[in-house]
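Inspection log for the structure reproduced underneath, given as structure tokens.
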Amino acid sequence: MGRPLHKSDLIPIGEMARRTGLSVSAIRFYEDKGLVEPIRTGGNQRRFLRSDIRRVSFIRIAQQLGLTLGEIEDEFAKLPHGRTPTAKDWKSISTSIRRVLDRQIADLERTRDRLDGCIGCGCLSLKKCAIYNEGDHLAAKGPGPRQLLAD
């Protein structure tokens, strides 16, 4: 382990909220989900490691990128417990997240390109439309907009 914890290494939940731009209730929600683990004082008050600011900030960014809390939890499971994550630890998560983002980008580009073709075709005819689902034959392939979002 590293050096012993000092009082200056810990911040109260209100400071965590101020530093991350989240509400105290949002931080408690992340705590309930196991994404952050405060240390409890003798008076049962929450104290967070200063490094938890980075974890909570990562949660905000990851959610804005479309990751679910489950996916974030899976990534956090790769981080060490009981010590501040190193640059190497974060690099590992970054590599994993990059794969998710690359897949999302590919999905978005494919959908954009297919929408361009559909909207720009000008056929205005269900008889000529390339994505018309006559007889609902695509239902057998699963739910959702199969022509535009399927691989």
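Quick look at the values:
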{"item": "Helices (runs of 4 or more DSSP H) (entirely within segment 11-89) containing at least 3 residues that are under 17 Å from the mean Cα position of the chain (by Cα) and either modelled with pLDDT of 90 or more or surrounded by fewer than 16 Cβ atoms within 10 Å (Cβ to Cβ) (or both)", "result": "24-32, 52-64, 69-76"}
{"item": "Cβ-Cβ under 8 Å pairs, at least 6 apart or on other chains, segment 60-73 side farther than 15 Å from residue 27 by Cβ, far side polar (S, T, N, Q) and modelled with pLDDT under 90", "result": "65/104; 66/104"}
{"item": "Some residue of segment 31-46 being over 30 Å from residue 103 (Cα atoms), in contact with a Gly (Cβ under 7 Å, 6 or more places away or on another chain) and not small (Gly, Ala, Ser)", "result": "no"}
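The values are calculated or read from the model by the stated rules, or taken from the named source; none is laboratory data. In this text, all values refer to a predicted model and were calculated from it rather than measured experimentally. FYI the Cβ positions are ideal-geometry reconstructions off the backbone, even for glycines, and counts take in every protein chain you see.
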